[in-house]
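Take a look at the structure below.
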Amino acid sequence: MNNFLSFNHKSAIINQQLSIAVIIFFSASFKLTAQTYPQNDFRNPLDIPMILAATCGELRSNHFHGGIDVKTNGVEGLNVYAIADGYVSRIKIEPGGYGKALYITHYNGYTSVYAHLKKLAPPISDYLKRKQTDAKSFVIDDYLPLDSLQVKKGQVVAISGNTGASTAPHLHFEIRDALSEELYNPLLFGFKLADTQAPEIFDLLVYNLDRFRYLYEPVQYDLFKQKSGDTYKPSSEIIKVNSNTVGFGLSSTDQLDAAWNRNGIYALELWVDSQKVFAYDFEHFSFDEIRAVNSVSDYEIRKTKSKWFYRAFREPNNNAEIFDPAFGDGFISLNDNKPHLIQILSKDFPGNFSEAKFFIQYDDAATLFKPESVYYTMEFPSAQENHFEYGDIQVNFPAAAFYDTLYFMYSRYEAFKGNCFSAVHGLHNDRTPVHSAFEIKLLSSGLSEAYRDKALIAYRNSSGTISSKGGIWDGEYLEAQSKDLGEYFIAIDTVAPAISAVNISNGKDCSKQSTIVMKITDAFCGIKNYYPMIDSEWILMEWDAKTDNITYTFDNSISKGEHTFQLVVTDNRNNSKIYTAKFTR
C-alpha cells in the first residue's frame, strides 16, 4: 500500500488529546462494517454545482480512478475550499500525476485531497515556496507536522487548474481514511448530484471459464440493438455454449443529467435464475488494489481493441476489496444442461440501473468457443512465487503477480544491430497484465566497460515502442523492476537531454516579459533533475510534463540591468546539458 503518513505522523494522529474528535476518528475505523458515513460534515470544495467529468472507481489505464473529477466550467482559476476544519498534512508538487496537490486531514478521521491545482492559496503557498527554495527543487513531497498549518471549513486553500496529467481544467477530489489511506467514494458523504438516468449497456462478452480458459477468446454480442427500456438482450434468446463453466463481461457507461460526457458505473451484479450470485461496487478500495483494474476489466481487449469491459467474475488471485464477500466468484456452472436466466445489472451511485438479460445453456453440439493452438514454456500458479532462468536471463515473479495461472511463453533471439547489448528476451506478451512488480536480470554482451554506467534495461512492447526500465548492476547482471510483460534487452543512453529556449535568447531585452520559458526533453531514460539559475542563484521554475515547459515568473528580486540565466538538465544516466544566455531587465 502507498503509505503516505510517516510512523510519527500516524502516532501524532492517534495520540491527539482525548476529545470528541478522537472518538469520531476511531469510530470511523469501523465504517467498513457499519457502512455509515457523515452526511453533513463536508461542504462542496467548489462554489458551483457539482458536475462530474469522472467518477470514483472509473476504469483507467492500470488503475481505478481514485476520486471524482469535478468540472470547473472548462476554465482554471476557481476558488477551492477546505471541505471541513483540519490541517494541511501534505503538499505534493510534481510535473505529471496529480500536478499540484494539497492534502487536508480533518478531525473526523478523513483526509481530503485536491489535485491538478493551478496554485495554492496563502499562507499555504508561502510555506510551499520556502520548502521549494530550501530544497532547490520544484518537485516536492512534504508532510507537515500535526496542526502546524490549520484551515477552517470554507477557507480558500487553492485555485483550480490543469496541472500534472490532467487533460482539461478540473478539480480531482478524493476522500481518504487519514490513517490507512483507504480511498472512499466521495459521493458517500452527502454531496448532491443530479442523476436520474440509468447506465447504458453496449456489448456482452461470454467467456469459457473451464480449466484451460487461456485457450479461448471471449465471444462478443451487441446488446444495444436489442434495447427495450433499460433492458438489453442479445439477438439469440438462448446462448448455447460448449463449455461447462462460463463467465460474462459488459461494456457500460453512465451519464449525469447535467453532463455531456460518459462516466464509469458504480456497481455491477450478476443474477442467475433470479438469485444474486456475484457483486462488486466502488465504495472503497486501497492503493494496493488499484492496479486490479486490469483484472476487473478485460485487459487484452483494452490493449488490442481500445474498449473497456467490466468483468462479471473474479479471477482467482484478484483480492480487491470491491467484491462483495457474501456472494461467489461469478464462475457459472452449466453442468445440468438446462437453460439458465442470466441478468447482469449495471448500476450508478443513486441506484439507477440497467440490465443485460438472456438465457444460457450448455450444449455439447455447440461450437461457440474454438480453442487456439498455444505452446507454453512453463506453468506459473498465481498464488506462489515463480522463477524463470535461461542462460543469460533471470526473472523472479512474486506471489500474487498474476491474477490467474499463467501459461508462460518465452522467446529469445540474438542482439540486433544498433543500441542493443544483450540477447532480446520475450517474456510472454504485453496483452497479459501483471499486478505487482517483478525482477528481471540480464547479462550483457559486447558492452564496453566505458559504457557500463550508461547501461539500462530497455522494454519494447508489441507496437515497437521502446522505453527505459532503468537498472542497477548486481555483479555481472543488470537488474531492474517492471510490471510489464514483453521484450527486454540491454541498451545504453549517452545522449544528453534536449533544451530549447521558448522566449529567451542571448542578449535579449526581457524587461517587457513576465516569464522565462524553456522546453526540456529526454528521448530515452528520462529527466532526473534540472537546476535553473540567474546570476548563479537558484530560481524556481515550474515544470509542466504535458508541454515539457519549465517556467520562471519574474519577481522583484531581479533588478534592472544585465543578468545571466543558466539551466543545467540531467537525465537518469547522468548525461547533462547546459544552456546559458545573458539578458537584460
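Before moving on, here are some points about what is shown:
- Exposure proxy for TYR266, TYR488: other Cβ atoms within 10 Å of each Cβ, ordered fewest to most, give TYR488, TYR266.
- Span from the the stretch 85-135 Cα centroid across to the the stretch 476-528 one, whole angstrom: 27 Å
- Counting only aspartates and glutamates at least 8 places from LYS508 when in the same chain, those with an alpha carbon closer than 17 Å to its own are ASP535, GLU562.
- Peptides ranked, highest mean first, by Cβ atoms within 10 Å: ranges 343-349, 576-582: 343-349, 576-582
- Which of TYR362, SER252, GLY330, positive extreme of dipole for the stretch 200-362 (C-beta unit charges): TYR362
- Rounded if a/c under 1.5, otherwise prolate or oblate - the stretch 505-561, Cα gyration tensor axes: prolate
- From the alpha carbon centroid of the stretch 530-585 to that of the stretch 381-396 is 46 Å.
- Ordering ILE499, ILE175, ILE124 by the number of other Cβ atoms within 10 Å of each residue's own Cβ, fewest first, gives ILE499, ILE124, ILE175.
- Alpha-carbon centroids, the stretch 187-242 and the stretch 161-186: separation in whole Å: 29 Å
- Legend: calculated FRET efficiency, LEU368 to ASN40, from the Cβ-Cβ distance at R0 = 60 Å, rounded to 0.05, equals 0.70.
- Charging the Cβ of each Asp and Glu at -1 and of each Lys and Arg at +1, and nothing else, the dipole of the stretch 293-377 about its Cα centre rounds to 340 debye.
- Farthest positive-ward along the stretch 461-540 dipole, Cα basis, beta-carbon charges - from GLY486, ILE504, ASN461: ILE504
- Point-charge dipole on Cβ atoms (K/R +1, D/E -1) for the stretch 450-542, about Cα centre, debye to 20: 300 debye
- Highest mean packing comes first when the peptides 250-259, 562-571 are listed by Cβ atoms within 10 Å, giving 250-259, 562-571.
- Charge dipole of the chain about the Cα centre (unit charges at C-beta), most positive-ward option of LEU209, MET541, HIS563: HIS563
- Highest to lowest packing among 105-112, 545-552, scored as the average C-beta count within 10 Å: 105-112, 545-552
- Check: the stretch 378-492 dipole with +1 on Lys, Arg Cβ and -1 on Asp, Glu Cβ, in debye: 400 debye
- Calculated FRET efficiency, ASP222 to GLU562, Cβ-Cβ distance, R0 = 56 Å: about 0.20 to the nearest 0.05.
- With a threshold of 28 Å on the Cα-Cα distance, the over-threshold entries among LYS152/LYS519; LYS307/LYS347; LYS131/LYS192; LYS118/LYS347 are LYS152/LYS519; LYS131/LYS192; LYS118/LYS347.
- Ordered by the count of other Cβ atoms within 10 Å of each Cβ, fewest first, MET378, MET541 give MET378, MET541.
- Between SER274 and ILE140, the distance separating the two model label sites (each 7 Å from Cα on the Cα→Cβ line) works out to 6.4 nm.
Quick note: the coordinates plus some simple rules give every number you see, no bench work behind them. Fair warning: this is a prediction, and the values are worked out from it, not measured in the lab. Here the Cβ is made from the backbone with ideal geometry for all residues, glycine too, and neighbour counts use every protein chain on show.
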